[in-house]
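Values quoted throughout were computed directly from the atomic coordinates according to the rules given, and no laboratory measurement underlies them. If you're wondering where the values come from, they're calculated on a predicted model, not measured in any experiment. Heads up, the Cβs are rebuilt from the backbone with ideal geometry, glycines too, and the neighbour counts pull from every protein chain shown.
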Amino acid sequence: MTSEADKGAGPRHVAIIMDGNGRWAQSRGRPRLFGHHAGAKRVRQIVEACPDLGVKYLTIFAFSTENWKRTQVEVAGLMGLFRRYISKEARALKDEGVRVRFIGDRVRLDDKLVSLMDELELLTCENEKVHLTIALNYGGRDEVSRATKRLAQDVAAGRLDPADVDEETLPRYLDTCVLPDPDLVIRTSGEARISNFLLWQSAYAEYEFIDTLWPDFSPEIFAGLVGNYGKRDRRFGGVVA
């Protein structure tokens, strides 16, 4: 539980729903993929800003399980962008001390992309400066469903006693099992919903819904939101005397 003495502390883990790439591009008379490319460039700046802001963990929502409903052209373009981003940024991420992890269901992703993801995770596995987690083909309900299935398999195999299952059990089966829960969740572009992102993990996160479109989300805006977090009184259901 957070006390008065904890006020002023910044968020250790920030999660971001990076929304608004398509609208940003269309407002400039450009195709939606132009906005996605601009958004990918913005990621680098936000990752670089994390250490000075005291943010150790950054989780970004890159592609949801629902995004397959978009046009084939946009989906194919996004998958190509992910492959190029990983190939282009891998060495810089390694050199800058960033550890990269991917969460989400990889089954539907193409083999080349999955191979690049595996290689990047291995390349950066010893880094500790910033932990960057990229949610790719990720959905909170899908994650809980997959985790529950693995938990049930362990019960059926006798590796887990049903009597021992409590609220601390399921997180060990989630994609984020090695990460702390997010302290702050930010969504850009003016939409005030969480869109199936980190449903279990964000139970007590603070939220910021801002109008800025993701390609315009600057390190200065990021710093302001991180600073606002320190002014909040986080009681986790309790009351501070």
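Laid out as a table, the results:
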item: Under Karplus coefficients 6.51, -1.76 and 1.60, residue-wise ³J(HN,Hα) of the range 56-62 in Hz, glycine/proline x; result: 8, 10, 10, 10, 10, 8, 8
item: Percentage relative contact order, the chain, counting C-alpha pairs under 8 Å, at least six apart; result: 32
item: Neighbour-count ranking [beta-carbon atoms within 10 angstrom, fewest first] of Arg44, Arg101, Arg159; result: Arg159, Arg44, Arg101
item: Rounded to whole Hz, the Karplus (6.51, -1.76, 1.60) HN-Hα couplings of the range 125-137, x for glycine and proline; result: 5, 9, 6, 9, 5, 9, 9, 9, 10, 10, 8, 10, 6
item: Along principal axes, Cα extents of the range 17-120, largest first, whole Å; result: 36, 32, 22
item: Summed residue charge, Cβ within 13 Å of Gln26's Cβ, Lys/Arg positive, Asp/Glu negative; result: +3
item: Amide proton proximity set for Asp19, modelled H, under 5 Å, gap of 5+; result: Thr188, Trp214
item: Mean shadow area of the range 101-239, taken as a quarter of the surface of its Cα convex hull (nm²); result: 11.6
item: Per-residue Cβ neighbour rank within 10 angstrom, fewest leading, Arg193, Arg70; result: Arg193, Arg70
item: R0 of 22 Å, Cβ-Cβ distance Ala76-Val114: FRET efficiency to nearest 0.05; result: 0.85
item: Partner lysines for Lys41 [C-alpha distance under 29 Å; skip if fewer than 8 residues away on the same chain]; result: Lys56, Lys69, Lys88, Lys94, Lys112, Lys129
item: Vicinal HN-Hα couplings computed from phi for the range 179-185 (Karplus, 6.51 cos²θ - 1.76 cosθ + 1.60; Hz; Gly/Pro x); result: 10, x, 5, x, 8, 9, 10
item: Order of Glu48, Glu220 under a 10 Å beta carbon neighbour criterion, fewest first; result: Glu220, Glu48
item: Rounded, prolate or oblate (a/c below 1.5 giving rounded, otherwise prolate when a/b exceeds b/c) for the chain by Cα gyration tensor; result: oblate
item: At least 30 Å along the helix axis (C-alpha) and Kyte average at least -1.0, DSSP helices within the chain; result: 32-53, 72-95
item: Cβ-Cβ FRET estimate between Glu48 and Leu170, R0 fixed at 25 Å, reported to 0.05; result: 0.15
item: The range 167-192 and the range 57-124: distance between their alpha carbon centers, rounded to Å; result: 18
